[in-house]
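Inspection log for the structure reproduced underneath, given as structure tokens.
The values are calculated or read from the model by the stated rules, or taken from the named source; none is laboratory data. Since the model is a prediction, treat every value here as computed from it, not as a measurement. As a convention, Cβ positions derive from the backbone with ideal geometry for all residues, glycine included, and neighbour counts pool all protein chains shown.
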Amino acid sequence: METIKLTALGIILLWAGIINAQPEINQAEKHDVGTTSSFFSIDTGTISNGASGANIMWDFTQVTATGQTYGEQYILPSQTEWEDSFATATLSRKATDGSTYFIRDKNDSVWLEGLWLDYTKILLRFSKPQQILTRPLHYTDSYLGTTFYTYTYQNTKYRGGGAYQYNVDGYGELKLQSGTYPSVLRLKFESDYYDTMQVSPNIITRTHSTTYYWYNPFNPSPIVQLSTVAISSANFNTVNKYAYILKNPSTAVQQINNANSDIKVWVNNDNLYVEGLNSNNMGDIKVYDITGKQIVLGSLQYTDGVHSTKLNTALSKGVYIVNMALPQGNKTIKIAIL
């Protein structure tokens, strides 16, 4: 009995450490080839960037969707027609608006090397790439850089560049209509670029943009992104705003001291997913809380490399034991819902 009490106390102390620690995010913008991300477009009049600082609660439960969606697919540069223009790029991000971004992932940092804008038929090349972020992300991380680029538009050559900076200016919880997401870091990215015609350098267009990204440890894409882009020249001035929320972001799940380290378990809305099992590993799955009470009983289904089961009850914050009865024997995983 004393051993059980000590074990429970250890879990409680571990749990307290998890929820109070400043988050460290290792997976931001770490995308595998072939994966996709989908976003809801949000009415920018119903969302604001909120406060910066420690232990912030960003509440976006009252936002209104526009009914439009935005998607991204991650492919190899060799799968595009512009591979030769970006020889050092390791990944391409193809968006549903026709744009394609060419990215170099150095594991400890991510860089933008150029992009294709289909709606204007512009191929923009950075002669000095722009850093997107470093890994892992921590609260108060910051970076200040400069970049230069060239492109052609309507048979006229342009060059541009300027300064940019980003800083991780807050951490805390993010409340959405789909649920609450703890261990979130907010990254603020700001740039100030000037473009000129190469034949008429006195004609200048300024583009000033500010974008906020909210990341958690379990989604490579930002859960929320909010941008303001102001473009000005001698002939016009315009300001555009954009806001997106990731569809079905994964709930924060931390696995604790597991012997089965090759198996990954996570929760997304009302489904529990298991990755790392063989395709023929069908069986029952049970979830227990730390008191030993069984709260979920289901059957594993296999689709596209991942097993899953429907949850008949939502898993609130806490520590759980996941037991899988498989043909070759039982496997047990301990997880914490943050």
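Every test in (1) in a loop (DSSP other than H, G, I, E, B); (2) farther than 18 Å from residue 225 by Cα; (3) in contact (Cβ under 8 Å) with a residue 40 or more places away in the chain; (4) not hydroxyl-bearing (Ser, Thr, Tyr) is passed by residue 49 save one, and that test is (2). Scanning region 102-152 for residues that are of a type in the set (Gly, Ala, Ser) and either part of a loop (DSSP other than H, G, I, E, B) or closer than 28 Å to residue 170 by Cα (or both) yields 109, 142, 145. Just one of the numbered conditions (1) touching a helix residue (DSSP H, G or I) at 6+ places or on another chain (Cβ under 8 Å); (2) at pLDDT below 95 is not true of residue 35: (1). Would region 280-293 turn up any residue that is free of Cβ contacts under 8 Å to residues at least 40 places away in the same chain and in contact with a Ser or Thr (Cβ under 7 Å, 6 or more places away or on another chain)? The answer is no; no qualifying residue exists.
Listed by first and then second residue, the pairs with beta-carbon distance under 9 Å, at least 6 apart or on different chains, first residue in region 109-120 and in contact (Cβ under 8 Å) with a residue 40 or more places away in the chain, second part of a loop (DSSP other than H, G, I, E, B), are 110/28; 110/29; 110/30; 110/135. Of the numbered conditions (1) over 14 Å from residue 326 (Cβ atoms); (2) loosely packed, with under 11 Cβ neighbours inside 10 Å, residue 296 fails exactly one; give the number of that condition. That leaves (2) as the condition not met.
Those residues that are polar (S, T, N, Q) and within 15 Å of residue 209 (Cβ to Cβ), I need them from region 148-166; list them, please. Scanning region 148-166 gives a single hit, 165. Could you give every pair whose Cβ atoms fall below 9 Å, whose first residue belongs to region 309-338 and is on the phi > 0 side of the Ramachandran plot, and whose second residue is part of a loop (DSSP other than H, G, I, E, B), counting only separations of at least 6 or pairs across chains? Correct list of pairs: 318/290.
One residue stands out in region 68-101 among those that are in a strand (DSSP E or B) and over 17 Å from the mean Cα position of the chain (by Cα): the one that is surrounded by the most Cβ atoms within 10 Å (Cβ to Cβ), namely 100.
All told, residue 254 meets the bar of being on the phi < 0 side of the Ramachandran plot and at pLDDT below 80. Within region 118-171, the set of residues being modelled with pLDDT under 95 and in contact with a Pro (Cβ under 8 Å, 6 or more places away or on another chain) is empty. Quick one: is residue 207 in a strand (DSSP E or B), at pLDDT below 95, touching an Asp or Glu at 6+ places or on another chain (Cβ under 9 Å) and among the β-branched types (Val, Ile, Thr)? In short, no.
Scanning region 194-204 for residues that are in contact (Cβ under 8 Å) with a residue 40 or more places away in the chain and either part of a strand (DSSP E or B) or closer than 15 Å to residue 51 by Cα (or both) yields a single hit, 197.
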